[in-house]
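Notes follow the structure.
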Amino acid sequence: MAIAAPEQLNITEIPAWGSRSVDCFEKLEQIGEGTYGQVYMAREIKTGEIVALKKIRMDNEREGFPITAIREIKILKKLHHENVIKLKEIVTSTGPEKDEPPAPDGNKYRGGIYMVFEYMDHDLTGLADRPGMRFSVAQIKCYMRQLLTGLHYCHVNQVLHRDIKGSNLLIDNEGNLKLADFGLARSFSSDHNANLTNRVITLWYRPPELLLGTTKYGPAVDMWSVGCIFAELLNGKPVFPGKDEPEQLNKIFDICGTPSEEIWPGVSKIPWYNNFKPSRVIKRRLREHFRHFDRHALDLLDKMLTLDPSQRISAKDALDAEYFWTDPLPCDPKSLPKYESSHEFQTKKKRQQQRQHEENSKRQKQQHNQQHSRLPPIQQSGHAHAQMRVGQNPPAHGGQPQVAGVPGHHYGKPRPSAGPGRYPPGGNPSGNYNHPNRGQGSGGYGTGPCPPQGRAPPYGSSSMPGAAPRGPNYPHGAPPYGTSAAGRGSSNIMSGNRNQQYNWQQ
Amino acid sequence: MLSGASGGDRQHHQLRLTEPSSYDSSTTPRVLTVLSCVLEKLVARNDQLSGGSGGKSLSAFHGVRSPAIGLDKYVERIYKYTSCSPSCFVVAFVYIDRLLHRYPDSLVVSLNVHRLLVTSVMIASKILDDEHYNNAFYARVGGVSNPELNKLELELLFLLDFNVTVSSRVFESYCQHLEKEMLCNGISERLPAPGITISVDDVTEIPVEDPQTPPSILVDL
């Protein structure tokens, strides 16, 4: 980043990115959809290489090029590591593409920018949600070690990811795990003096210090998320599935104990501490709660889910934990089973047909049934382009189950906010790994309605007509789903409305 | 490392980078004056050298006529209405400098300097400031259309190859450079004394999301 002297300039490198057209790639199929834009699996024509194309939506003219995209691009340009997704280049399209309507205002820049990523087959959430999926201990260690290695690399390079969660951890068929989606990431300085926004990280994975409103934080925020994922892998379901911030904190306190100046010096100075001050003291009972975990796993988890961020274990120290050095050792990624690709053309076709049906019946229902208004969807999002996308992504709910478990969504999930509650309230967006009933008749891709016996979502009851819009959960008006978030979140919505859902399914 | 900007703030009092972002003419950060001076000098020289052509790489930023508004007023206008942090101007300067190094055929001339400025300050603000105005607002402040500014934004991002990160070390060195310019050129003496500067004749507060607020400038950019 030094100021380049003219004589040092590598002229041949110019113009590196943006010089090629998206026409260099042949789109194979859409594999993700979010407010950010669509994600396609594509083949580079010249080399035959398979890539993921993430389209950057440019249809909000007033905002210009999305800041999240600028951030993601500039950060990924700096990061080169086997456990961090590789941004290969940026390509543009010169005119309207055949798969989209021409821009009404003739703005040729609209929708014309794509990020080209290496292609990854799965994401951790999608993989874990597959029916009958059961990770071995060595496999969990293997994934955890890769996650920590990638994160350690980010932290050493002074980058905070700020949205670590299963759907942002991509896995290929070689067993490699890579961190993806750096739209919320940012650089940090080690002095921790900068004021940073506390509205980051998907609610369930958000650490207590952010929930309490701190604006000075560091890499420890990512480590909390890692702890949540670790526990989720061992536990088979999300450990802190809060539906809003207060509930999220309560769920954390319930297991990790309530904070106090003794265990967390300075906690009472955090901005919202007094608003959320627990009414009664709860003792930390993490070890009892997860007593069925293996001892070394529990030791490590205990250090990750430490309330005080300054005492929380770092990625580097976590890699040195006994857990990774005792039998069974983490396996070699290459030895992991290869899971069937989830991108069959047929799957997609089916999905599209279903979308069509759902769209139609949804429209009808919306006309007749106010109940739908509580569903989170795009229509409520306040995004300028939301309406435009109804056709492609009708679902807000209807279509989501189809997307569930489809890998690739991570490339294109909704961005504007990782604000509280990407997931619908309701608590348990399907974290039922290994749930015996999960996905019956539907496959991991969620082509069917979710299991009726899914845990009862607090809000999922169809007896809540026209339930209140869940404003507080979407502070920035971001639709909560998009892709994987959607996939996961959809289950309770579905179960709450499954009659209607069945009607939609053909 | 963007947060480097804050590190710079603490050490560059002369540039008044730490001034509150709310506009107050008596405390216009010196960095604005220094920056417009440096650019003015550059433009004057380049206009003579090149006959007004800024080179092929910057053609998107090229206007038909040079705008009537002086650079000092233009910079001040951007600062006043957008309330961006003063550091954005240093970072904008870094971007423009990177551009010139990357494309040796390009020159900052009177026909492109305004567009270059508003675009680079806008990008800097997007990156540095957690709260920033959108492109539509910057377009009104800068006197260009929203679609054009969007186009220029993309153009600049690609020209920079998305190299929009400014480490604290680089930030520091540019601050030092600007301070040196300030001392060499006696810019500080030319600064209006506090209190008797341009009166704040119109709005002092800009409601967010109201594009109507900054009066349009017709500068034929």
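The values are calculated or read from the model by the stated rules, or taken from the named source; none is laboratory data. In this text, all values refer to a predicted model and were calculated from it rather than measured experimentally. For neighbour counting, all protein chains shown are included, and Cβ atoms are generated from backbone atoms with ideal geometry for every residue, glycine included. Accessible surface areas use protein heavy atoms only, side chains included; no ligands, DNA or RNA. Shrake-Rupley method; radii C 1.70, N 1.55, O 1.52, S 1.80 Å.
Observations
- The apolar share of the surface of the range A:122-346, taken as the fraction of accessible area on carbon and sulfur atoms (1.4 Å probe, ligands and nucleic acids excluded), comes to 51 percent.
- A:K27, A:K54, ranked by accessible area, largest first (probe 1.4 Å): A:K27, A:K54
- A:Y119 long-range amide H proximity, modeled H, under 5 Å: A:A52
- In Hz, Karplus ³J(HN,Hα) per residue of the range A:303-320 (6.51, -1.76, 1.60; θ = phi - 60°; x = Gly, Pro): 6, 6, 8, 8, 4, 6, x, 6, 9, 5, 5, 8, 4, 5, 5, 5, 5, 8
- A:K86 - accessible surface, heavy atoms, 1.4 Å probe, Å² rounded to 10: 110 Å²
- The residues of the range A:122-346 present an accessible area of 38 Å² per residue when probed at 1.4 Å with all protein chains retained.
- Other-chain or far-sequence residues with amide H under 5 Å of B:V166's (modelled H): B:L2
- Interchain or long-range residues, amide H under 5 Å from A:I56's placed H: A:I113, A:Y114, A:M115
- Loop sites in the range A:224-312: GluC sites (Glu not before Pro), DSSP, at most 12 other Cβ within 10 Å: A:E261, A:E262
- Interface of B with A. Using a 1.4 Å probe and counting protein heavy atoms only, the two chains hide about 3300 Å² of accessible surface, both sides summed.
- 3J(HN,Hα) from dihedral phi, the range A:48-54, Karplus parametrisation 6.51/-1.76/1.60, rounded to Hz, x for glycine, proline: x, 5, 8, 9, 10, 9, 10
- Residues listed by number, the range B:102-140, amide nitrogen under 15 Å from A:K46 label point at 7 Å toward C-beta: none
- Which of A:L319, B:L32, B:L49 is most accessible, then next, and so on - probe 1.4 Å: B:L49, A:L319, B:L32
- For the range A:198-204, 3J(HN,Hα) per residue [Karplus equation, 6.51 cos²θ - 1.76 cosθ + 1.60, θ = phi - 60°, Hz, x = Gly/Pro]: 9, 8, 10, 6, 4, 2, 5
- Across the options A:Y339, A:T326, A:H292, the greatest Cα extent toward the positive end of the charge dipole of the range A:122-346 (unit charges at beta carbon of Lys, Arg, Asp, Glu) belongs to A:H292.
- The charge dipole of the range A:122-346, taken about its Cα centre with unit charges on the Cβ atoms of Lys, Arg (+1), Asp and Glu (-1) only, comes to about 460 debye.
- Where labels lie 7 Å past Cα in the beta-carbon direction, separation of A:E89 and A:R295 in nm: 5.5 nm
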